[in-house]
Amino acid sequence: MDSVLIQPKTAKEFYQAIGKYKKIAVYGYSEEVNKAALENKKVEMLINPERYFNEDKMDSRNSGLNDALCKLARDNGIKIAIEIDYLLKLNEEERIRKLGKIMQNMMLCNKYKVPIVVLDKEGRNEKDLKGFALSLGARPGVGVVR
């Protein structure tokens, strides 16, 4: 087996799970897990880095990514993925909050030229998914992964 999708809760779990795999997709969790994933060259994509960041600071939005993490992603060739199925399952209020965090992450990814992809498990129209990502601020050329 050469690829795996993992959902670690700590950096220690991440390092234990990667083992002998060559390609890894990681669900974002804490800043510690996101950083560990973006530092590792085996990781192909970080999915929903904003997912577990519910509390914002007084003067800024906490979205799971920052300048340093985006530089790591760029340098290690790691894509940032938006899982459309996850967004559609959220209630309206939560979806609005998450979309704001995703838009912030898109601005950071654009600034550091980090590739963005839309992850779709349901087989939706590719043009619609790309249009959705563009409306949130992604650069043209956003990919769709099924």
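Each reported figure results from applying straightforward, stated rules to the coordinates on display, with no laboratory input. Just so it is clear, the structure is predicted and the values come from calculations on it, not from any experiment. With ideal geometry, Cβ positions are generated from the backbone for all residues, glycine too; neighbour counts draw on all protein chains shown.
Structure data summary
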| read-out | value |
| --- | --- |
| R0 of 41 Å, Cβ-Cβ distance L99-K20: FRET efficiency to nearest 0.05 | 0.65 |
| Aspartates and glutamates with Cα under 15 Å of K9, excluding same-chain neighbours fewer than 8 positions away | E31, E32, E50 |
| For the chain, diffusion coefficient by Stokes-Einstein and Kirkwood Rh (Cα), 20 °C, 1.002 mPa s, µm²/s | 140 µm²/s |
| Added length on full extension, which subtracts the Cα-Cα distance from 0.36 nm per residue, D56 to L87 | 9.3 nm |
